[in-house]
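Have a look at the structure below, then the notes.
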Amino acid sequence: MLGNYSTTVRPVARPEDFVPVKLGAALQQIIDMDEKNQVITLNLWMRFQWTDASIHWDPADFGGTTFMIVPISSIWRPDIVLYTNADENFSGTMETSATITNEGVVYWNAPAIYKSTCKIDVTYFPFDEQHCDLKFGSWAYSGDELSLTNRSVSGDTSSYINNGEWELVGMPVSNNIVYYACCASPYPDVTFTVIIRRLPLFYMFNLIGPCIVISLVTTLAFYLPADAGEKVTLGITVLLALVVFLLLAAETMPPTSEVVPIVGQYFASTIILVTISIFITVYILSLHYRLPGTRPVPKYLKKIALVYLARILCMDNAIKVSDISSEENETNVMENNHHADHTEINQQPTQKENNLQGQRPISALSNLRVGANRFEESLTKIKKNLDFLTQRAKDTDSEDDIMNEWKQVAHVFDRFLLWLFLVLTIVITTIVLAQKKPFTELE
């Protein structure tokens, strides 16, 4: 039967006839998905079927034999190649044997490992779904010489081996006819679309989870006391950690400027939030560490911080501390006035004694007057020194009260920003990570 057979001639009865070829595929395994180079490696079992008009026999002439198995190299086969091939060797399918029926129908099943280009859409990474098209067609024969159609509406996934990173959604098949610029004849192709969905647990546990924890640590910078001296250091450390995680995420994604993935949006928004928190922390530290001689807290700022925000945040103790300090100042002033009055009372008997001594002899009186003048001068100096010390103590207490008020304002702002940034972190995390693409549902 194969004595005068030629493997280079199309097996048709007439030259104007075309060879009907049906193509199917069974997906066995997703070997690798290289997002950076946008290449997917698959293990497929290719299933070809065509009619060879040059081979047919009567089973009665051959002992009732209805089929035979021959090496594929001994018969004609269609030059079906993968148009989206990304393998430099372009090896194609394995040279397995084919089955031929007595009516000339050829069945050829051949395993193959294909590397195909796959346009990666990282918009919703790591909650993304990828559609990888495997386009098969004849390289030399046009639609007028070879009619290529699909054997079924979808690829066979019954023997698929699950992948730890990707979940197989489906493998629909489409039959297309394309006119290329090089040729006038149409070229049919069969396109298998491998739809896979990423399993995000690995990235949630190793990438997004630590980022969420680090962003929550940022809020602790506002809870850390200003006297600790580590507020800015904590913010900068968190910022550097987020940048490192962003670089790790960028290594797993293709370098594209078309879209910004969800994880990139989340890292960018978190980095901006941490940067703002560092600037605000520096400003709060400038409020806390006020130098002596600084101006008092403005009335509007005191009212906002020590009245409204303190009540909202249940920090009324800040107002009570201010009231106690003012009461202590008033007590100190009253004690100083009482001391001054007591000094004047003690001076009155001295003046009376001077009047009584005026009746003594003139010589003794003159000596007494000299002594009294010196005593009055000493009392005047002592009074001036006491007034200076009293005023200085008042000024010191006033400066301490002003600096304490600035510290109270800084403390209230710290607590307010703690809750504000905590809420913003939760809101940003929810909004960004909730952006999920509607998944493909196959019947």
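The values are calculated or read from the model by the stated rules, or taken from the named source; none is laboratory data. Values in this document were obtained by computation on a predicted structure and should not be read as measured data. Glycine also receives a Cβ, built like all others from the backbone with ideal geometry; neighbour counts cover every protein chain displayed. The accessibility values were calculated without ligands, DNA or RNA, using every heavy atom of the protein model including side chains. Shrake-Rupley method; radii C 1.70, N 1.55, O 1.52, S 1.80 Å.
Can you tell me the mean projection area, over all orientations, of the convex hull of segment 125-273's alpha carbons? Units nm², please. List each step's numbers first, then the result.
Values: hull surface 50.7 nm².
If you wrap the Cα atoms of segment 125-273 in a convex hull and average its projections, you get 12.7 nm².
Cα-Cα over 25 Å: which of K36/K436; K22/K119; K299/K383; K119/K436; K302/K384? Provide the component values of the computation, followed by the final result.
On the way: K36/K436 21 Å; K22/K119 27 Å; K299/K383 36 Å; K119/K436 19 Å; K302/K384 36 Å.
Table pairs above 25 Å Cα-Cα are K22/K119; K299/K383; K302/K384.
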Report summary line: Ordering I196, I177, I382 by the accessible surface of their heavy atoms, 1.4 Å probe, largest first, yields I177, I382, I196
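Counting Lys +1, Arg +1, Asp -1, Glu -1, what net charge surrounds P255 among other residues with beta carbon under 12 Å of its beta carbon?
So the surrounding residues net to -2.
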Report summary line: Bounding extents of segment 89-184 in its principal axis frame from Cα atoms, largest first in Å, are 51, 37, 30
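Considering only protein heavy atoms and a probe of 1.4 Å, how much of the accessible area of segment 136-289 is carbon and sulfur, as a whole percent? Please list the in-between numbers first.
Details: 5220 of 7750 Å².
Result for segment 136-289: 67 percent of the exposed heavy-atom area is carbon or sulfur.
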Report task. From the P(r) of segment 73-143, can you give the percent of Cα pairs sitting at distances over 13 Å? Result -> 74
**Report entry** For segment 214-290, average projected area of the Cα convex hull in nm²
**Finding:** 5.3
Query raised in the report: Sorted by accessible area (1.4 Å probe), largest first, how do Y223, Y180 line up?
Result: Y223, Y180
Report task. Quote the accessible area belonging to M253 in square angstrom, nearest 10, computed with a 1.4 Å probe and with ligands, DNA and RNA left uncounted. Result -> 20
Report summary line: The extension gain from E88 to A140, computed as 0.36 nm times the residue separation minus the Cα-Cα distance, is 16.7 nm
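Per residue, how much accessible area does segment 27-170 have with a 1.4 Å probe, in Å²?
Details: 6790 Å² over 144 residues.
Averaged over the residues of segment 27-170, the accessible area is 47 Å².
Under a 1.4 angstrom probe, counting protein chains only, how are D128, D32, D61 ranked by accessible area, largest first?
D61, D32, D128
With all protein chains present, how much of the accessible area of segment 17-74 (probe radius 1.4 Å) comes from carbon and sulfur, to the nearest whole percent? Walk me through the intermediate numbers first.
On the way: 1440 of 2690 Å².
Roughly 53 percent, rounded to a whole number.
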